[in-house]
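Colleague: Mind having a look at this structure? Questions to follow.
The values are calculated or read from the model by the stated rules, or taken from the named source; none is laboratory data. Remember, predicted model here, so these are calculated numbers, not experimental data. Here Cβ is always computed from backbone atoms with ideal geometry, including for glycine, and neighbour counts include all displayed protein chains. Please note that ligands, DNA and RNA were not included when accessible areas were found on the heavy atoms of the full protein model with its side chains. Shrake-Rupley method; radii C 1.70, N 1.55, O 1.52, S 1.80 Å.
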Amino acid sequence: MKNWFKHITILFAGAALLATSCDDGDTVVDQVTAETERGAILRTVNLISNEIPIGNDDSNFAVEVEIQDSENGDLVQSVEVYLGFRDNTVEEGETDLDTEEVLVETLDPSTFENGPFGLPRFSFQITLPEMLAALPISNADVNGSDQFTIRFELVLTDGRRYSFADNTGTLTGSFFSSPFLYTATVVCPPKAPTAGTWTVEMQDAFGDGWQPTTSDGGGPGLIVTLSDGTVYEIGLCSDYETYDFACTDGGSSGTATFDVPAGLTEPAEFDFQGDFWGEMSFQIITPNGNLVADVPAGTDAGLITIDFCQD
C-alpha cells in the first residue's frame, strides 16, 4: 500500500424525519387500502428471528405483524401460513431438495391482539423441528445457506385472498413493509476452528504489499485472535515484522500461515483492518484445504465471517 498518511473526510448525511398527525396516518392507510379494492395489508412490525443454526432445535423463525384494512381488520377471516424449502447447496450429481409449499397453520383473528393503533396484531413462530416435520426433508438434508420460506396469505370474508403475488412497490416500502413472504436462512452455529495450520493467501493489485498493522504506526492487515488469547498479525511482504511472508513479484502476492492448537472450544476472531486503496484481497483456508473466506479488494474494515460449516 502507499506509504504516506491518508486523510479521510467522512460526511454524514442528515435524515429529516417528517412527523405526521394520527389523522394524516389514517389518510395514508385509507388511500393504499382503497387502491387495492378494499383489500388488506399484512405489515411487518418486528422481524424477531430469521436465522436457523444447524442442529439447534431451539432455533426458529419468528415475526410480529399487523393487519391493516379499511375496516380495522374486520375484513380478514383467517391468515394461512405456508412453508417451503430452498436447497441452495446442491452438489453436482445430487438431487435438488427444493420442496413445494405446504400449509402449516391457519390463524383465527379472534386470537389476535389490538396494537397501539387499534389494529389487530399477532406473532408467529415456527421452530426447526416443526419445519422438518412439515416438509419431506430431514436434518441431514439441511446445510448452511439453505433457506426455509414462510409465506402468509390473508383470506377475506368475501373469499378474496391477498399474498406475495399481489404486492406492489407501495406495499413493500419502508412504512408498510408488507412482503407476505419471508426467508429463514440456515447458518452454522459458532464453534471452534479446526486445529492445525491455517493458510492466508494474499494479493495486492498495486504490487507494493500491505503495510503492517501495528509495528510502524498502523495500516491495513488481518488480525487473528484465538480464544486462548493468541494473536496473529498478518500482512503481505517480507519486511512485515511480525511474520515471515513469501513475497513474489514485488509484493503482489504472498502466503502466510498460523497455527490453531487442539482443544479450543470457542471461535476465533478474524479482524480485517480495511482496504482504503481497493488493492488488497485474500483467502482463508482451513487445515483441511477448505476455503472459508474469500475477501475481495475494496473491503471495508471489520470482522470477517468464517463459514465454519466448511472447516
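Colleague: Looking only at region 113-128, which residues are farther than 19 Å from Asn50 by Cβ and open to solvent by 30 Å² or more (accessible area, probe 1.4 Å)?
Modeller: Selection gives Glu113, Asn114, Pro116, Phe117, Gly118.
Colleague: Here's something else I'd like to know. Collect the residues in region 55-72 that are part of a loop (DSSP other than H, G, I, E, B) and either closer than 16 Å to Phe180 by Cβ or among the hydroxyl-bearing types (Ser, Thr, Tyr) (or both), keeping them in residue-number order.
Modeller: Of everything in region 55-72, those that are part of a loop (DSSP other than H, G, I, E, B) and either closer than 16 Å to Phe180 by Cβ or among the hydroxyl-bearing types (Ser, Thr, Tyr) (or both) turn out to be Ser59, Ser70.
Colleague: Taking Arg43 as meeting all but one of (1) at pLDDT 95 or above; (2) touching an Asp or Glu at 6+ places or on another chain (Cβ under 9 Å); (3) in a strand (DSSP E or B), write down the number of the exception.
Modeller: Arg43 satisfies all of (1) at pLDDT 95 or above; (2) touching an Asp or Glu at 6+ places or on another chain (Cβ under 9 Å); (3) in a strand (DSSP E or B) except (1).
Colleague: Within region 261-309, which residues are farther than 14 Å from Val224 by Cα, open to solvent by 30 Å² or more (accessible area, probe 1.4 Å), in contact (Cβ under 8 Å) with a residue 60 or more places away in the chain and not in a loop (DSSP other than H, G, I, E, B)?
Modeller: Result: Cys309, single match.
Colleague: What number of residues within region 139-167 satisfy the criterion of being in contact with a helix residue (DSSP H, G or I) (Cβ under 7 Å, 6 or more places away or on another chain) and part of a helix (DSSP H, G or I)?
Modeller: Adding up the residues that qualify gives 1.
Colleague: Answer yes or no: is there a residue in region 75-90 that is hydroxyl-bearing (Ser, Thr, Tyr) and open to solvent by 60 Å² or more (accessible area, probe 1.4 Å).
Modeller: no
Colleague: Could you tell me which numbered condition Thr214 fails, if it satisfies all but one of (1) at pLDDT 80 or above; (2) under 30 Å from Ala262 (Cβ atoms); (3) β-branched (Val, Ile, Thr); (4) open to solvent by 40 Å² or more (accessible area, probe 1.4 Å)?
Modeller: (1)
Colleague: Still on this structure: Can Thr89 be described as in contact with a Gly (Cβ under 6 Å, 6 or more places away or on another chain) and assigned to a loop (DSSP other than H, G, I, E, B)?
Modeller: no
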